[in-house]
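Chemist: My structure is below; once you've seen it, I'll send some questions.
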Amino acid sequence: MSFVEIILIGGGLAADAFAVSVCVGAGGHARDTRSMIRLAWHFGFFQFMMPVLGWCAGIWIAPWISAFDRWIAFFLLALVGIRMIRSAMYPEEIRVQKNPTKGSMLVLLSFATSIDALTVGFSFAMINARIWYPGIVIGVVTGLASYGGIRLGEKFSRLSGRFAEAIGGLVLLALGVRILILGQ
């Protein structure tokens, strides 16, 4: 997989974290640099670890499903991409009761925004792709996008995050089609 493709995957996966970060910034929950960095670090770290965990699970079962692994990778990426597009079109009202940059709320948001990355890691195993380098790139892209999302949220409405999530979903869907057609 090329660097550009990994960046595109990272951007697609970072869309959820970006959307949440925009909301956190718009809500004024991350007012100091330390809070911003803490949120971005956690989102990036979870986005790094979840593909690795998904890849490990995929490697374990890959020998049994190698005949149709491209279809599985396509299905999983398409499912995640469509879910992200749908989520952007029909957003649920986000009401944050606690500070989302600390404690259990931070861990919960980090986990929730990285579930898609678990599926992508599994897809990487299905196409026999390596994971450490893409995992690191995905984590860094997410961390940077999250930090930028907080800053953007301070200036703009929540609409920006929904648009980014829809674009991210389209990118993952397109990559799923590419894997189906080219096999990698």
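Chemist: Count the net charge of all other residues whose Cβ sits under 12 Å from the Cβ of Met50, scoring Lys and Arg as +1 and Asp and Glu as -1.
Modeler: Taking every Cβ under 12 Å from that of Met50, the sum is -2.
Chemist: Could you go through the stretch 47-52 in sequence order and give the Karplus-derived ³J(HN,Hα) for each residue, using 6.51 cos²θ - 1.76 cosθ + 1.60 with θ = phi - 60°, rounded to whole Hz, and x for Gly and Pro?
Modeler: Result, ordered by residue: 5, 6, 6, 5, x, 5 Hz.
All of the numbers you see were taken from the coordinates with simple rules; none came from a lab. Predicted model, so just to flag it, every value in this text is computed and none were measured. Neighbour counts are summed over all protein chains in view; Cβ atoms, including those assigned to glycine, are modelled from backbone coordinates with ideal geometry.
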